[in-house]
Amino acid sequence: MNERTVAKRPAGTGTTGARGGVPAARPDSEAPIPPTAEADNRSHVRPGDRIFKGLATGSGIFIVVLIAAIGIFLLLQAIPSLGLNHVNFLTSREWSTGDVGDMRFGILDLFLVTVVSSAFALVIAMPIALGIALFLTQYAPRRLARPFAYVIDLLAAVPSIIFGLWGLLVLGPVLTPIGEWLTSTLGWFFLFDEGNVSIELGGTIFTAGIVLAVMILPIITAVSREVFDRTPVTHVEGAIALGATKWEVVRTTVLPFGKAGYVSASMLGLGRALGETIALMIILSGTGAAFAWSLFDGGATFASKIALAAPEFNDPRTAGAYIAAGLVLFVLTFGVNAVARSIVAGHKEYE
Amino acid sequence: MKTKRHGAVIGLIAAGALLLTACGSDNNAGNTGAAQTTGESSSPVECGGKSKLSAEGSSAQKNAIDTFVQAYQQRCSGSDLAYNASGSGAGVKQFIAGQVDFGGSDSPLSESKGEVASAAERCEGNPAWNLPMVFGPVALGYKLEGVADLTLNGEVAAKIFNGTVKKWNDPAISALNSGASLPDKNITVIYRSDESGTTDNFQQYLEAASGGAWTQGAGKQFKGGVGEGKEKSAGVAQAAGAVDGAITYVELSFAQDNKLSIAKIDNGSGAVELNEQSVGKAIDGATIKGTGNDLVLDLGSIYGASTEGAYPLLLATYEIVCSKGYDADTAKAVKAFLTVAATDGQAGLADAGYAPLPKAFQEKLLTAIEAIA
């Protein structure tokens with residue numbers, strides 16, 4: 001409605017007098033345009049507007065339909081297998097789908113490993129990304145900031161299989177002594193308890209989380225940088241005028257302004273971490289033991305578990321069990337995003 | 001790692017070169033009519049038909065198929081085959097759907113899953129045959145400082161892989177290795193975390209040969225409940241090579257590449273080393289479960305055999321073909337390819353980590369291939 005009003009107003013004002021034929025009937029030229037002029041021109045929407053509106057609406061509908069279709073597909077494929085499940089799908093730690101007559105699969109361990117490894121990655125990546133973004137926008141000289149930002153964006157372009165191999169062959173051995181030290185000195189704390197896979201091989205959530213952190217770093221950094229860069233100059237200058245130091249400027253203007261953007265950037269990163277497949281498939285060691293809340297446990301995430309089994313799917317009922325796991329990941333990601341949205345919505349101090 | 005990679009590449013090139021020379025000499029022998037010792041080249045191959053065959057399936061036989069394809073191109077110029085190693089499940093599925101000319105699978109078509117019936121439908125009402133073309137010995141590869149020579153048997157292997165035996169100096173192991181000084185070290189079991197035919201065959205072996213020590217059953221997922229899973233053959237071999245005290249089951253070529261020691265297997269009549277002869281002996285001893293030319297193997301006859309000098313731990317992979325029902329062009333090319341694979345193609349197999357077919361078994365396969373129409 002609004003844009004139409006704006007678009008038609010000149011035409012409306014131009015014709016009112018001529019068409020009405022009674023200029024005297026309008027003593028005050030300040031009077032608002034009569035609504036009839038609007039109604040007359042209702043059909044005169046410009047084609048550009050119509051096309052653009054159509055495209056935008058179409059895109060919106062498309063993505064909603066697509067997501068709904070994915071959800072429905074997952075659900076339809078999963079239901080028959082869930083019916084054949086002999087253990088509780090949500091609370092069991094077993095995963096044995098080979099024998100269709102006796103399928104026992106539960107997602108508890110997959111869920112915990114997925115969440116813990118992603119959360120660990122986020123704990124590492126969030127402060128570092130914040131530091132990088134602040135450095136690039138506030139501290140780095142302009143000439144340096146640009147190329148530096150490109151280099152970080154480049155990290156996002158590294159294929160995840162490279163990260164996986166790097167994690168397994170390069171980072172894993174480097175982390176071994178650190179892991180051994182952590183388990184021996186901080187072993188009383190459940191996160192650093194000795195895990196169910198060998199630290200020597202590096203196939204732990206600890207290694208995986210660090211690799212994930214590197215992978216999500218560029219996403220969080222890039223978005224936060226853009227947001228921090230848009231801190232109104234007047235705010236910054238105001239703070240400086242009040243005698244604030246650089247740190248105080250960051251604390252009182254940049255951070256409050258960018259908080260919402262930073263949080264949603266982190267959630268974007270978390271989404272990637274939850275769904276990361278190939279790197280984790282290569283790094284994480286499988287284990288027959290249950291997940292015991294240690295960072296030095298092995299296991300599999302939803303995505304890596306599915307990827308490990310996918311080449312040998314030859315029965316829809318077996319595949320259905322994995323699809324059911326995929327459905328949980330779908331819901332989990334959805335939940336994470338919803339939480340992120342609500343956090344962001346609650347912090348819109350500057351909008 | 002880099003040098004290792006280079007090593008692998010050079011090895012591959014060397015293997016390829018060997019293969020080419022092998023084929024070359026075969027052809028010469030054919031021309032002159034001289035009796036070649038193996039007699040492989042004497043088998044006539046009718047080239048022709050469809051110039052580009054397609055096949056899909058088991059990744060365990062990928063390297064073998066590659067050597068077959070090289071031999072096929074040598075023998076029948078202008079012919080080619082594309083093999084997509086997407087896994088046994090996918091191979092069977094694509095074969096049944098008629099997307100590929102034949103499928104590769106680690107296990108024969110399953111009656112209970114309805115694969116036999118739907119494959120017959122794909123072959124226009126004719127039965128599909130399972131031809132065990134590729135045998136890959138599976139090594140019990142281990143890394144244990146100071147122990148270069150180790151003998152295990154089915155029962156002890158089962159106990160190691162289900163966690164009953166946890167230390168290298170366990171009496172069960174020392175009983176088989178009198179004189180060896182076994183360290184007091186934990187055994188780190190490494191298994192395949194992905195679903196694989198190798199795991200399935202290994203567990204079937206344990207089931208058949210352990211005398212009841214393996215109660216976990218078979219299947220493509222490892223069920224031992226101990227140890228640490230790594231992805232694919234390359235992953236398990238790499239991991240086993242990285243930890244002192246590790247043991248794993250992996251295809252021979254991967255064990256060799258990662259410098260793992262390979263355990264001998266005592267099948268009841270003495271320790272048997274893994275080599276071409278011992279594997280050939282085991283294949284020769286296999287009984288066929290299928291009827292006529294459907295050469296489904298009774299794996300129990302390999303795994304449970306106590307033939308002297310036979311290495312029992314093998315992975316048998318099948319080519320799944322239509323007995324009839326191909327169009328003339330395709331039938332001709334499929335026959336040509338399989339014939340070359342069973343004859344000329346055998347020369348390069350040992351270098352690729354597989355076991356060449358023993359003579360008697362080769363005859364059986366050739367009879368079946370000949371009968372495809």
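Each reported figure results from applying straightforward, stated rules to the coordinates on display, with no laboratory input. Remember, it's a predicted structure, so these values are computed and weren't measured experimentally. Quick reminder, even Gly has a Cβ in these numbers, built from the backbone with ideal geometry, and neighbours come from all protein chains shown.
Of note:
- Helix A:108-134 axis, angle to chain A major axis (alpha carbon atoms, nearest 10°): 50 degrees
- From helices alone, the protein assembly as shown scores -16500 deg cm²/dmol at 222 nm; the rule is -39500 (n - 2.57) for each run of n ≥ 4 DSSP H residues, then divide by the residue total.
- Averaging 1/r across all pairs of distinct Cα atoms in the stretch B:187-294 and inverting the result yields a Kirkwood radius of 15.2 Å.
- Cα coordinate range in chain B, projected on the principal axes (Å, largest first): 63, 46, 39
- Model label points for B:ASP284 and B:SER306, set 7 angstrom from Cα along the Cα-to-Cβ axis, are 2.1 nm apart.
- Crossing angle, helix B:2-32 versus chain B [Cα axis fit, 0-90 degrees, rounded to tens]: 40 degrees
- Per-pair calculated FRET efficiency, R0 = 30 Å: A:ARG50 and A:GLU226 via Cβ, rounded to 0.05: 0.40
- Projecting the Cα atoms of B:GLY197, B:GLY245, B:THR151 onto the dipole axis of the stretch B:137-280, where Lys and Arg carry +1 and Asp and Glu carry -1 at the beta carbon, places B:GLY245 farthest toward the positive end.
- For the stretch A:66-182: Kirkwood Rh in Å [reciprocal of mean 1/r, alpha carbons]: 19.0 Å
- The protein assembly as shown, dipole about Cα centre (Lys/Arg Cβ +1, Asp/Glu Cβ -1), debye to the nearest 20: 2800 debye
- DSSP-defined beta bridges in chain B - what % are antiparallel, rounded to 5: 60 percent
- Of A:SER264, A:LEU280, B:GLY57, farthest towards positive along the dipole that unit charges on Lys, Arg, Asp, Glu beta carbons give the protein assembly as shown: A:SER264
- Computed FRET value (nearest 0.05) for A:PHE62 with B:SER269, which takes r as the C-beta separation and R₀ as 60 Å: 0.30
- Taking a Cβ cut-off of under 11 Å around B:SER233, the surrounding Lys, Arg, Asp and Glu residues balance to a net charge of 0, with basic ones at +1 and acidic ones at -1.
- Under Karplus coefficients 6.51, -1.76 and 1.60, residue-wise ³J(HN,Hα) of the stretch A:300-316 in Hz, glycine/proline x: 8, 8, 3, 5, 5, 4, 5, 5, 5, 9, 3, x, 10, 5, 9, 9, x
- For the residues of B:190-200, the average number of beta carbons from a partner chain within 10 Å of their own beta carbon is 5.
- Local electrostatic count at B:THR307 - Lys and Arg +1, Asp and Glu -1, tallied over other residues with Cβ under 12 Å: -1
- This ranking places B:CYS76, B:CYS47 by how few other beta-carbon atoms lie within 10 Å of each, fewest first, which gives B:CYS47, B:CYS76.
- Taking every DSSP bridge with both residues inside the protein assembly as shown, close to 60 percent are antiparallel.
- Extension gain for B:GLU121-B:ALA82 works out to 11.7 nm (0.36 nm per residue, less the C-alpha to C-alpha distance).
- Of the beta bridges in the stretch B:175-277, as assigned by DSSP with both residues counted there, near 25 percent are antiparallel.
- Share of pairwise Cα separations in the protein assembly as shown, more than 51 Å, in percent: 29 percent
- Here r is the Cβ-Cβ distance between A:LYS246 and A:LEU191 and R0 is 45 Å; the resulting FRET efficiency, rounded to 0.05, is 0.80.
- Segment A:ILE178-A:VAL233, length gained on full extension (0.36 nm per residue, minus Cα span): 15.4 nm
- Folded to 0 to 90 degrees: helix A:255-275 orientation relative to chain A principal axis, Cα: 50 degrees
- Distances between placed amide hydrogens fall under 5 Å for B:ALA82 paired with B:LEU53, B:SER54, B:ALA55, all partners being 5 or more residues away or on another chain.
- Neighbour cut-off at most 14 other Cβ (10 Å), DSSP loop, trypsin sites (Lys or Arg not before Pro), the stretch B:42-141: B:LYS113
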